[in-house]
Amino acid sequence: MNKLILAAILACMLSSTALLATDDKETKAVKAAKAWLELIDSEKYAESWDAAAAYFKNALTKEKWLEAVAPVRKPLGKLVTRKIDTKDYKTELPGTPDGEYYILQFKTSFENKKTAVETVTMMLEKDGSWKSSGYFIK
């Protein structure tokens with residue numbers, strides 16, 4: 001009976017440790033996404049490309065990113081509010097290498113667009129840092 005109780009306690013401790021590790025990853029991914037979005041909010045589009053995941057940079061040159069992001073983001077005006085809405089952890093996404101990802105959706109309000117949804121896909125890099133591998137706004 002004592003072995004059974006000890007096994008149950010050990011199982012609880014291991015699952016708690018796994019949950020803490022997941023929470024830590026999620027916290028780091030969200031923090032990195034917010035920092036990356038701040039670059040875009042500040043119109044530091046070139047710097048946002050520099051800070052993006054290697055996958056992002058391999059898929060899109062800096063020039064193409066600048067051509068794509070500025071015309072979409074600039075007309076929206078200054079950020080008013082941004083609140084995390086959903087956090088979805090994935091290890092597989094279509095068209096991307098297997099890895100660790102968080103698809104984060106933010107409910108956002110801008111000066112010239114009161115209701116928007118920003119989706120940022122964060123990818124865990126080989127060095128352990130979370131970087132943006134995708135950005136969509138609607």
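The values are calculated or read from the model by the stated rules, or taken from the named source; none is laboratory data. Computed from a predicted structure; not experimentally measured. Glycine gets a Cβ as well: all are built from the backbone with ideal geometry, and neighbour counts include every protein chain shown.
Residue-wise test of (1) of a type in the set (Gly, Ala, Ser); (2) under 20 Å from Ser42 (Cβ atoms); (3) over 18 Å from the mean Cα position of the chain (by Cα).
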| residue | (1), (2), (3) |
| --- | --- |
| Lys64 | no, no, yes |
| Val69 | no, yes, no |
| Ile84 | no, yes, no |
| Glu92 | no, no, no |
| Glu100 | no, no, no |
| Phe106 | no, yes, no |
| Val117 | no, no, no |
| Asp127 | no, no, no |
| Ser132 | yes, yes, no |
Report summary line: Counting only residues that are on the phi < 0 side of the Ramachandran plot and outside any helix (DSSP H, G or I), the stretch 61-88 contains a total of 12
**Report entry** Enumeration of residues in the stretch 23-52 that are of a type outside the set (Phe, Trp, Tyr), buried (at least 20 other Cβ atoms within 10 Å of the Cβ), assigned to a helix (DSSP H, G or I) and over 9 Å from the mean Cα position of the chain (by Cα)
**Finding:** Leu37, Ile40, Ser48
Requested in this report: Kindly list, by first and then second residue, each pair from a residue in the stretch 50-65 that is without any contact (Cβ under 8 Å) to a residue 12 or more places away in the chain to a residue that is outside any loop (DSSP other than H, G, I, E, B), limited to pairs with Cβ atoms under 7 Å and residues at least 6 apart or on different chains.
Outcome: Lys57/Trp49
**Report entry** Boolean, Leu37 is among the hydrophobic types (A, V, I, L, M, F, W, C), touching a Phe, Trp or Tyr at 6+ places or on another chain (Cβ under 6 Å) and at pLDDT 95 or above
**Finding:** no
